[in-house]
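Q: To start, I am sharing the structure in question, which I have written as structure tokens.
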Amino acid sequence: MAAAVAPPSSSSKTESYVDTKRRDDVRQANILAARAVADAVRTSLGPRGMDKMICSPSGDVIITNDGATILSRMSLLQPAAKMLAELSHSQDAAAGDGTTSVVVLAGSLLRRSLSLLSAGIHPTIVSDSLHKLSLKALEILQSMAIPVELSDRESLVKSAATSLNSKVVSQYSSLLAPLAVDAVLSVVDPANPSLVDLRDVKIVKKLGGTVDDTELVRGLVFDKKVSHAAGGPTRVENAKIAVIQFQISPPKTDIEQSIVVSDYTQMDRILREERNYILGMVKKIKATGCNVLLIQKSILRDAVTDLSLHYLAKAKILVVKDVERDEIEFITKTLNCLPIANIEHFREEKLGFADCVEEVSVGEGKIVKITGIKDMGRTMTVLVRGSNQLVIDEAERSLHDALCVVRCLVNKRFLIAGGGAPEIEMSRQLGAWAKELKGMESYCVKEFAEALEVIPYTLAENAGLNPISIVTELRNRHAQGEINTGINVRKGQITNILEENVIQPLLVTTSAVTLSTECVRMILKIDDIVTVR
């Protein structure tokens, strides 16, 4: 009895009792919080997944089933739960698609980790096994992949359509998928084909019409009207376009001051000077042959006044004002011109050339279209239409996912079957591999291999099928060597998914596996939460 009560330092040779309850509790709390987040988005996985309605305190409503959007809007307090939201964000950055799958997968791996920890296995062993498993899983995926060429447009369209099928706007996938493929292929630089910058594809949203009216524009679209103040032109052919960053209005002094005018003659002189100043500017602009002006929004003073608009209209120059500062780079790249910061630098070689600049009525509003640009840069504009703001926003998010999928295929030119096929195949092969390993590792890998079945299980569950019988049958078919067999949600049965055109880029699945295992390993390694003031 005395030995049990004696302080541990008295004899270093006898075993001492170390209390690990707090560490276990922190780990369990982290895992449960992260799993709660994963369960929240789990129902929105797959083509039959449900949508979430997100209401912000200001009264804004978003309807979406994009995992990254849902999690980025959630106000999470628990640090481990925030890690899952960031995981979804990094999948969005790496692959663009599979943002829900990666969170569901991480939730399933955490669930298995909890049962391994409660069985008394040390977290480091669990974490190392998970790392080995992810490396092996990538090899299995690579062996299943089908190489694809960028000239094979049909395969690219199929994979973009697969990404769109699980979205709110899935009925328009036959229109949006080819549109996404054409947009990405137009901005690919032949000199550097593996780098695609999606900032070169600009999405302009305009209320009115339906998603069917969405179109790809080779040129520029401004969601603005032409300045009609003084009856200027609304359509110009053979346009010479200048992008200016200075103001066509009377100058102001740099310091705060007030001018006191005592008689009319001085007042007339001020007005006359203003007129001459503006007229001089307009003449310089007209002298270069410029007939379209895009004027950057100004903070300090009005970019244009009624007087300058009047003179510009007389000179038959079309004016589009209030162009946002962050759009300037895209505009100059598209028009292949230079922005002009000062009237003294206004020269013809800085202008862009286009066949036609016109104002077009769209729905209730108007837009400005610039088409037939000479020496156009590698950019594209997509004009997204929709009957209400919710639909337009969701169409934009879905289109972004489709663009990302095509970008993945440009970066890593391999396709893989969808519909839960790769996950079941990984699970089967990793289960067989676990039998060759020894000790605790074998046990951990076997558990995690089963965790991968969560994706096909959830797909079946969301489609209203019997998940247990579907997954068992799927496992059976894969064991017979049919590696491309997956869940056909539309028919409610198991078929060869490649024949059903359900395909996705290899990069989406590989990045989902690596990112989710990384995140789970990080959560497992945390044994205490320290709050600092």
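The values are calculated or read from the model by the stated rules, or taken from the named source; none is laboratory data. Nothing here was measured: the structure is a model prediction, and the numbers come from that model. Ideal geometry is used to build each Cβ from the backbone, glycine not excepted, and the neighbour counts take in all protein chains shown. To get the accessible areas, we keep the full protein, side chains included, count just its heavy atoms, and leave off ligands, DNA and RNA. Shrake-Rupley method; radii C 1.70, N 1.55, O 1.52, S 1.80 Å.
Q: Among the numbered criteria (1) in contact with a Gly (Cβ under 8 Å, 6 or more places away or on another chain); (2) touching a residue at least 24 places away in the same chain (Cβ under 8 Å); (3) among the charged types (D, E, K, R), which one does R428 miss?
A: (1)
Q: Also, quick follow-up: Based on what the data block shows, is A460 in contact (Cβ under 8 Å) with a residue 24 or more places away in the chain and out of contact with any Ser or Thr (no Cβ under 7 Å at 6 or more places or on another chain)?
A: yes
Q: How many residues does region 55-85 contain that are closer than 21 Å to S163 by Cβ and in a strand (DSSP E or B)?
A: Selection size over region 55-85: 3.
Q: Also: Could you identify the single residue in R35, R48 that is in contact (Cβ under 8 Å) with a residue 24 or more places away in the chain, in a helix (DSSP H, G or I) and either open to solvent by 30 Å² or more (accessible area, probe 1.4 Å) or farther than 26 Å from Q493 by Cα (or both)?
A: R35
Q: Next up: Any idea how many residues of region 437-466 are over 13 Å from I424 (Cα atoms), over 30 Å from the mean Cα position of the chain (by Cα) and not aromatic (F, W, Y)?
A: 12
Q: Against the conditions (1) open to solvent by 40 Å² or more (accessible area, probe 1.4 Å); (2) within 30 Å of L198 (Cα to Cα), where does I468 fall short? Just the number, please.
A: Condition (2) is where I468 drops out.
Q: Here's something else I'd like to know. Filter region 122-175 down to the residues that are assigned to a loop (DSSP other than H, G, I, E, B) and either touching a Pro at 6+ places or on another chain (Cβ under 9 Å) or buried (at least 18 other Cβ atoms within 10 Å of the Cβ) (or both) and list them by number.
A: The answer is A145, V148, L150, N165, S166, K167, V168, V169.
Q: For the condition more than 26 Å from V181 (Cα to Cα) and buried (at least 23 other Cβ atoms within 10 Å of the Cβ), what is the one hit in A512, A479, A460, A449?
A: Only one candidate qualifies: A460.
Q: Does I487 satisfy being in a strand (DSSP E or B) and at pLDDT 90 or above?
A: Taking the combined requirement at face value, the residue satisfies it.
Q: Counting just the residues of region 176-232 that are over 24 Å from L335 (Cβ atoms), touching a Gly at 6+ places or on another chain (Cβ under 8 Å) and in a loop (DSSP other than H, G, I, E, B), which one comes out least open to solvent (accessible area, probe 1.4 Å)?
A: Selected residue: G209.
Q: Would you pick out the residues in region 235-265 that are of a type in the set (V, I, T) and modelled with pLDDT of 85 or more?
A: Those that are of a type in the set (V, I, T) and modelled with pLDDT of 85 or more: V236, I241, V243, I244, I248, T265.
Q: Here's a check for you: in region 495-509, which residue that is in a strand (DSSP E or B) and open to solvent by 40 Å² or more (accessible area, probe 1.4 Å) is farthest from R111 (Cα to Cα)?
A: Ranking the candidates gives N496 first.
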